[in-house]
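**Student:** Sharing a structure below in structure tokens format, with a few things to ask.
The values are calculated or read from the model by the stated rules, or taken from the named source; none is laboratory data. Please read these numbers as outputs of a predicted model, since none were measured by experiment. Please note: Cβ atoms are built from the backbone with ideal geometry, for glycine as well, and neighbour counts cover all protein chains shown.
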Amino acid sequence: MFVTTAYAQEATPAPAEGAAHTEVAAEHGATQGVFPPFDTSTYASQLLWLAISFGLFYLFLKNVALPRIGGILEVRRDRIAQDLDQAARMKAEADAAVAAYEQELAEAKAKANAIGNEASNVAKAEAEAKRKEVEAGLDQKLAAAEERIAGIKASAMSGVGAIAEETASAIVESLVGGTVERSEAAAAVKAAAE
Amino acid sequence: MANDPIHQFHIAKWIPIEVGGLDLSFTNASAFMVATAVATGAFLYMTTSSRGLVPGRLQSISEMSYEFVASMLRDSAGSKGMKFFPLVFSLFMFVLVANLLGLFPYFYTVTSQIIVTFALALLVIGTVIVYGFLKHGFGFLKLFVPSGIPAMLVPLVVIIEVISFLSRPVSLSVRLFANMLAGHITLKVFAGFVTSLSAFGAIGVVGAILPLLMTVAITGLEFLVAFLQAYVFAVLTCMYLNDAVHPGH
């Protein structure tokens, strides 16, 4: 067998195992040819040391290491959640500020419009009132002027009659000779005018 | 010795201890069990000692392994299974670090001993059985009677389920043991080719290039296997624990 002869020929033990190895080779002399993982004489020692090392390892992890790592992860998760909450709150505040600003802006615009409208209404009303006053004054003047014209016309018309009488009597005097009664001439003029 | 691929699995007594005829010596295997536990525990403890809100690289490793195992367990056994988190995490880290430590030259591979992997597998199955009966009483036996099968088939299915349940500790332990053993033997054989071929002079040295490349490639593969086997062990542990938490499928 390749394996066993090679092992039997072994002269120098592996450095890591050191001097202890020769002693083992001597002690395990009876089980020399056994494949090491199936060498039952080592099982008790392996089980004991596995129980000790793995048992303590398990207890250490369960009571110290894992709670610590779990705690770190939890703190980080809480912190991130807290930061996100804060960011959300700040965003809400910023949104509220924007909304308030926009509302104020809208109010100011509405106010400005109202003031503008009022001013223009007042101005229009004043202008209208002035216009009416002026028109009323003009109407009055027009009426007065028409009245005066009517008066003048009437006096002129009455003047026309007198002129016609005088002219008629003068024409009669120069054509016929003699005088014409003033009342006769007036009646004739009146008849001619009608 | 240089070419003996089995030599690396020999157990060497460092401190002989004998109690009542039982050989309880502190051996190289014991030393690496203790080294695995201490190194892992110290790493997890020291990297998290600053409790940084923003983790450093090493603290990230600890946190990632924590969340990796936690999500693995939560996915397969639900939130009720989280009470087994310390057990699953300890098993995963112990197997992983034992596998990885074994890849260092001259280091002993604890998980290449069938008794170690079998003990860990029995711990898992024992936990499943004890917790299953404590929590569900005889309702735990519903595990062997899947719902929705015709009454005729029940005896057959129960036999199959019982056999598959009993074979779990065997398959769980042999898978890990055989992978680590085979990987280390392969590595040693290829590395042995390099030294024995180069003893034949110039032609031998040229011929040794291929086994050397193989050795490098297999070393890389062994790192993958070391992680993968620890992961498989932990995933199967989670699935078996799921049976203890929810026995009726």
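Yes/no per residue for (1) within 14 Å of chain A (Cβ to nearest Cβ); (2) in contact (Cβ under 8 Å) with a residue 12 or more places away in the chain; (3) surrounded by 13 or more Cβ atoms within 10 Å (Cβ to Cβ); (4) touching a Gly at 6+ places or on another chain (Cβ under 8 Å):
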position	(1), (2), (3), (4)
B:PRO86	yes, no, yes, no
B:VAL124	yes, yes, yes, no
B:VAL130	no, no, no, no
B:PHE133	no, no, yes, no
B:PHE144	no, yes, yes, no
B:PRO169	no, yes, yes, no
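**Student:** Additional query: Give me the residue from region B:198-249 that is β-branched (Val, Ile, Thr) and closer than 30 Å to B:LYS80 by Cα and, out of that set, surrounded by the most Cβ atoms within 10 Å (Cβ to Cβ).
**Tutor:** B:THR237
**Student:** Given the structure, is B:ALA37 of a type in the set (A, V, I, L, M), touching a Ser or Thr at 6+ places or on another chain (Cβ under 8 Å), farther than 19 Å from A:PHE54 by Cα and within 7 Å of another protein chain (Cβ to nearest Cβ)? Reasoning before the result, please.
**Tutor:** Details: of a type in the set (A, V, I, L, M): yes; touching a Ser or Thr at 6+ places or on another chain (Cβ under 8 Å): yes; farther than 19 Å from A:PHE54 by Cα: no; within 7 Å of another protein chain (Cβ to nearest Cβ): yes.
Here the answer is no, as B:ALA37 does not meet what is asked.
**Student:** Looking only at region B:105-131, how many residues end up being out of contact with any Leu (no Cβ under 7 Å at 6 or more places or on another chain) and in a loop (DSSP other than H, G, I, E, B)?
**Tutor:** 5
**Student:** Please determine whether any residue of region B:91-103 is modelled with pLDDT of 90 or more, within 16 Å of the chain's Cα centre (by Cα), in a loop (DSSP other than H, G, I, E, B) and more than 9 Å from every other protein chain (Cβ to nearest Cβ). Outline the logic, then answer.
**Tutor:** Within region B:91-103, the first condition is being modelled with pLDDT of 90 or more, and the residues that meet it are B:91-103.
Among the residues that remain, those that are also within 16 Å of the chain's Cα centre (by Cα) are: B:91-103.
Checking the rest, the ones that are also in a loop (DSSP other than H, G, I, E, B) come to B:103.
Now drop any that are not more than 9 Å from every other protein chain (Cβ to nearest Cβ), which leaves B:103.
The answer is yes; a qualifying residue exists.
**Student:** I'd like the full set of residues that are surrounded by 14 or more Cβ atoms within 10 Å (Cβ to Cβ) and farther than 20 Å from B:THR117 by Cβ, limited to region B:25-51.
**Tutor:** Result: B:SER25, B:PHE26, B:VAL38, B:GLY41, B:PHE43, B:LEU44, B:TYR45, B:THR47, B:THR48.
**Student:** Failed condition for B:SER79, given (1) closer than 30 Å to B:TYR131 by Cβ; (2) surrounded by 18 or more Cβ atoms within 10 Å (Cβ to Cβ); (3) among the hydroxyl-bearing types (Ser, Thr, Tyr), with all others met?
**Tutor:** It fails just one condition, (2).
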